[in-house]
1. Can you run phi through the Karplus equation (6.51, -1.76, 1.60; θ = phi - 60°) for segment 65-75 and list ³J(HN,Hα) in whole Hz, with x for Gly and Pro?
2. For a quick check: with amide H placed at 1.01 Å from N, whose amide H comes under 5 Å from S76's, ignoring anything fewer than 5 positions away on the same chain?
3. For every helix of n ≥ 4 consecutive DSSP H residues, a contribution of -39,500 (n - 2.57) applies; sum these over the chain, divide by its total residues, and give [θ] at 222 nm rounded to the nearest 500 deg cm²/dmol.
4. Starting with the highest mean, order 239-248, 369-378, 167-176 by the number of other Cβ atoms within 10 Å, averaged over the residues of each peptide.
5. From a point 7 Å beyond the Cα of V210 in the direction of its Cβ, which residues of segment 230-268 have a backbone N at a distance under 12 Å?
6. On C-alpha positions alone, give me the angle between the axis of helix 249-258 and the longest principal axis of the chain, in degrees, nearest 10.
7. Positive end of the dipole of the chain, charges at C-beta (+1 Lys, Arg; -1 Asp, Glu), about the Cα centre: which of A513, S130, A311 has its Cα farthest in that direction?
8. List the aspartates and glutamates whose Cα lies under 15 Å from the Cα of K382, skipping any in the same chain that are fewer than 8 positions away.
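A short reminder: the numbers here are calculations on the coordinates, not readings from a lab. Model, not experiment: these values are computed from the prediction. Cβ atoms come from the backbone with ideal geometry, glycine included; neighbour counts cover every protein chain shown.
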Amino acid sequence: MNKKLKFIGIISLILVLSMTITGCGDKQAEAPTESPESEQPMEQVEKTIVIAMPEEIEGTDVQQIRWDNLIHNLVSQPLATYNLELTELIPGAAESFEISDDGTEITFHLPANAKFSNDAALTAEAIKASMARYIETSPYSYDFDPIQEVIAVDDTTVVLKLDSAAAFLWPVLTSVYGGPIDANVAAEVGNDVFNRGVVSNGLYKVDNWVQGSQIEFVKNPNYQTFNPIVDNKGPALIDKLTVRFIPENFTRISELEAGTVDLVVDIPSENIDQIRNNENLNLYEYLQTGIDYIALNTNNEHLSDLNVRKALALAINKDEISAVLNDTVKTRFGLISESMLTFDQATEDKLAQEYAFNIDKAKTLLEEAGYKDTNGDGIVDKNGTELSLTLMVALDTPALKNSAPIIQAQLKLVGVDLKLNEYESPYIKQKIKDGEFDMATRFFWWSDPDILYYVIHSSADLPWENEMVDKYLDEGRYIMDLAERTAKYAQVQELTMAEVPLIPLFSEYEYMAARKEVTGIKLGADGKRVMMNDLDIK
């Protein structure tokens, strides 16, 4: 699974107007012949909210996009979801569901009156058609590889038959990518039009998209949910939403403080204290479902030596990086963060002890690898060749971009000449795939550890492989028991880090901020379980 970015929830202003007229004097009132003004229906004020985010989306169709955010959470609701702690599967758009004892059959029960946002019936056949289109259209169609057959038993019962129990399928089914779309409309209008105005089953539907500026949404009157965590199981409390695309950090924050924006997605690290100290705002944080790391080319003349790779890992002071980044990251030594399924603290602690910052040990390992500073210039060399490496830095990932000069200075202390070159992340990804790199900053976001299959498996882009790691990654995908699966991924981490094909750096804290009046935000451990059903304002 490639990067599937983060999304978060929102709230807005409620205004109630009322008029009361009372009689006066001591004369008994006569029965009116016309309805008094006091009995006229009260005017219902439309509730709206404005949200600001830095990036404009690729599209609204969850079956065509390559990354998701808050907007896709507005328009899509999966049949099932996880609770906020990611420890239990719970209903979503489906009334209920069952999993067979062997895990190879999943049965969803839909409400009899389920509808898409365009009033079309959301039946089992509609679910089947939606899944067929996902397999045909989505860049992540391989997510559904375990599904052998989708059976519409009747209008309200749909059965997924799997080739085997597949734990990695559930994070997809419970994400925005698992939300059904109206495949009939998609076929009628074509993918391009549908991507600008998806027809689905979420809290909201697209009203108008002004390219490069904003998207306006109106609430979906057909929305219903069976999520036990939320109180409001019907249509949204907010009538209209406007999502504005404001790439400038200063402008986004200024508008929040001024009250022209109600909620802001992606608060820059340099503004965190500013938000915290503003009595009119609330700050919300969650931890990256994944890690930021440095990929190492194990075919490089220097990095092919395990001692050199270990020395680099030991020479990086992650606590110093965290401090410079204002503690907006959590140092990482393993490959799985606390906000992911199968995180194991014991494994993280073990690797933290093994790869704790140790400049003396790093120097010793370089010496054992044959590197010494023979000419006194501060850079170690071997057979006349200096230990000089180039780090490809993702300029579109602030935490990695800002940490790169720190890493450069730290490695120089052990005699490594590290050059920095900045590129966009897609370019770096391609260079890793082509094997044309020394070291490169990378990251991943996904709540399930199966993401490691696409990072360190021999079929992935890194020029490194380990037969046992491949075996355990293959096995881990299909283990349904959480404890057993956690143990398997602990083995994956330990075996991988024993050979250091990459250096974990940190997991990023992500932030959103809202006006103080906002209430009812339910934020999950992964930042994706932000349930907006109960969001309101005092």
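1. For segment 65-75, the Karplus curve yields 6, 10, 8, 10, 8, 3, 4, 6, 5, 5, 9 Hz.
2. Amide H to amide H, under 5 Å and 5 or more residues apart or across chains, S76 pairs with G202, L203.
3. It comes out at -7500 deg cm²/dmol, rounded to the nearest 500.
4. Highest to lowest by the protection proxy: 167-176, 239-248, 369-378.
5. Only 242-245 pass the distance filter.
6. Roughly 30 degrees, rounded to the nearest 10.
7. The residue sitting most towards the positive pole is A311.
8. Filter leaves E301, D305, E367, E368, D373, D417.
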